[in-house]
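Working notes for the structure below.
The values are calculated or read from the model by the stated rules, or taken from the named source; none is laboratory data. These numbers were taken from a predicted model, which means no experiment stands behind them. Heads up, the Cβs are rebuilt from the backbone with ideal geometry, glycines too, and the neighbour counts pull from every protein chain shown. Just the protein is used for accessible areas: all its heavy atoms, side chains included, with ligands, DNA and RNA removed. Shrake-Rupley method; radii C 1.70, N 1.55, O 1.52, S 1.80 Å.
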Amino acid sequence: MNDNAADFDTTMPQGPFTSYADVLAHLDNLGLFHMELDLARIKRVLEELELTRPEYPVVQVVGTNGKGSTATFMASIATGAGFSTGLFISPHFITPRERVLVDGEMLPEEDWLVLANDIMAAGGEVLTYFEFLTVLAALAFADYEVDLAVFEAGLGGTYDATTAIAADTVVFTPVALDHQQILGDTVEKIAADKAGAIRSNVPVVSARQTDAVLEILKNASNTAGSPFTVAAGPDSLPEEARPVLNGVHQLHNAALAVAALQTVMDEKALPRPTLIPWSDVVTLGIADAWIAGRMQHIAPAPDHPALILDGGHNLHGLRALQAALAAENIRPAAIIFGAMKDKNLEGIPDLLSALTDGPVLLPALTQNSRAATPQELAVRLGGAPDGPTETIPCASVREALDKAAAYAAENPVLICGSLYLLADFFTLHPEYLRP
């Protein structure tokens with residue numbers, strides 16, 4: 001199993017970028033949310049870099065909710081098993097470097113500079129933001145000679161950039177309504193798009209799904225001649241397994257990760273550790289897994305009350321959050337909420353009202369232009385005086401935290417609704433990106 005770092009020559013940058021700042025500027029110019037539903041561009045660049053079929057085994061994680069956590073559990077367990085492991089996840093909170101990890105660590109800025117120039121030399125100027133980062137991750141994992149790589153899909157499956165890379169196992173987390181304007185206006189249409197990630201004769205491992213979604217995934221797997229398995233639930237985990245990540249849904253994500261990892265290890269004949277029982281590897285890997293903003297408890301500080309941060313941004317995710325809060329007997333004193341302009345908020349006002357007796361504070365978000373304004377959200381959530389809950393527009397996350405402190409006593413304040421809302425918080429408090 002590999003433990004060597006990549007040997008990059010960073011003495012003289014070869015290409016259009018002369019610094020990491022140049023790479024960031026290029027990404028900014030591409031536009032974070034610009035998409036083109038076509039894999040031809042990224043396939044050409046991958047072929048030029050000989051990465052269409054990487055030498056390392058690849059697991060692709062597709063779905064609506066729980067992709068980041070499932071991918072993180074998988075990578076953590078694999079690293080604990082002694083494999084050098086690459087992990088590609090999204091979005092990031094402060095720096096794009098958060099998206100590409102080797103053995104849980106970000107790569108140096110100098111490595112990003114070399115990788116980005118190599119991509120441009122292979123025709124990478126045609127790539128979108130997400131495509132560029134997908135290729136960068138694939139190239140980094142090759143240069144670092146990882147034993148295994150886990151790629152979290154971004155949006156959908158059929159035309160997701162990660163689908164351009166050959167996979168050895170495809171994993172499906174729960175599929176639910178989200179991004180309807182792109183993927184389709186029903187769960188069935190969304191599931192059909194995500195099922196486009198299924199490859200011929202490549203094992204598929206799925207979380208428990210609704211009957212309609214399960215039928216679509218099974219049919220697509222049968223058509224592709226791909227073995228299909230529904231992962232067992234948390235009862236399949238070692239009795240001692242305890243995630244740092246809170247919420248019963250994380251136990252389901254961990255169980256899915258274990259099933260997927262075992263599948264790819266069998267598929268590629270990767271050796272299991274011999275000096276420590278597999279159950280201990282799983283237990284320790286689950287305990288070591290960390291991803292910020294997933295039912296994350298933060299103690300009170302001079303400039304903020306006790307907080308819970310969660311990336312739940314659609315009805316399915318927020319219901320999982322509701323169940324996790326109920327299991328811990330937590331009723332937030334107030335909620336700080338943010339969402340994108342195109343987000344379908346059906347059912348969310350009533351759910352927010354059920355979560356708290358306090359107000360819903362709506363800060364302006366600075367991270368992107370797609371965010372709904374506080375005033376737009378207040379109207380869409382049906383705030384006071386006629387709606388189900390009081391809404392308070394705020395100029396910033398900083399102002400929302402200040403206002404929320406007036407409501408917090410023994411109960412924490414919940415921050416949820418958009419990962420870009422969490423990004424604004426972590427920009428204020430980067431120290432909370434680590435456990």
Those residues of segment 271-291 that are touching a Lys or Arg at 6+ places or on another chain (Cβ under 8 Å), crowded, with 21+ Cβ neighbours inside 10 Å and part of a loop (DSSP other than H, G, I, E, B) come to a total of 0
Between a first residue in segment 271-286 that is of a type outside the set (Lys, Arg) and a second residue that is open to solvent by 70 Å² or more (accessible area, probe 1.4 Å), which pairs have beta carbons less than 6 Å apart while being 6 or more apart in sequence or on different chains? 278/272; 283/240
Answer residue from segment 129-139, given it is in contact with a Leu (Cβ under 7 Å, 6 or more places away or on another chain) and open to solvent by 10 Å² or more (accessible area, probe 1.4 Å) and is nearest to residue 23 (Cα to Cα) among those: 129
Which one of these does residue 97 not meet: (1) under 30 Å from residue 342 (Cα atoms); (2) at pLDDT 95 or above; (3) open to solvent by less than 10 Å² (accessible area, probe 1.4 Å)? (3)
Are any of the residues in segment 116-124 open to solvent by 10 Å² or more (accessible area, probe 1.4 Å), at pLDDT 95 or above and either assigned to a loop (DSSP other than H, G, I, E, B) or in contact with an Asp or Glu (Cβ under 6 Å, 6 or more places away or on another chain) (or both)? yes
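A quick yes/no check of all residues on (1) assigned to a helix (DSSP H, G or I); (2) out of contact with any Asp or Glu (no Cβ under 6 Å at 6 or more places or on another chain); (3) more than 23 Å from residue 155 (Cβ to Cβ):
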residue	(1), (2), (3)
189	yes, yes, no
192	yes, yes, no
213	yes, yes, no
235	yes, yes, yes
244	no, yes, yes
253	yes, yes, no
Restricting segment 255-270 to residues that are open to solvent by less than 10 Å² (accessible area, probe 1.4 Å) and under 21 Å from the mean Cα position of the chain (by Cα), which is farthest from residue 91 (Cα to Cα)? 264
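Being part of a strand (DSSP E or B) and without any contact (Cβ under 8 Å) to a residue 12 or more places away in the chain, is that true of even one residue in segment 98-109? Let's see the steps before the verdict.
Step one: list which residues in segment 98-109 are part of a strand (DSSP E or B), which gives 100-102, 105-106.
Next, from what is left, pick out any that are without any contact (Cβ under 8 Å) to a residue 12 or more places away in the chain: 105-106.
Checked segment 98-109: at least one residue is part of a strand (DSSP E or B) and without any contact (Cβ under 8 Å) to a residue 12 or more places away in the chain.
Anything in segment 48-79 that is part of a loop (DSSP other than H, G, I, E, B) and among the polar types (S, T, N, Q)? List them, or say none. Walk me through how you get there before you give the answer.
Pass one, segment 48-79, residues part of a loop (DSSP other than H, G, I, E, B): 49-57, 63-66.
52, 64, 65, listed by residue number.
So, residue 82, is that one open to solvent by less than 10 Å² (accessible area, probe 1.4 Å), touching a residue at least 24 places away in the same chain (Cβ under 8 Å) and not in a helix (DSSP H, G or I) or not? Please lay out each step first, then the result.
Details: open to solvent by less than 10 Å² (accessible area, probe 1.4 Å): no; touching a residue at least 24 places away in the same chain (Cβ under 8 Å): yes; not in a helix (DSSP H, G or I): yes.
No, not satisfied.
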Of those in segment 297-354 that are closer than 20 Å to residue 380 by Cα and charged (D, E, K, R), the residue least open to solvent (accessible area, probe 1.4 Å) is 343
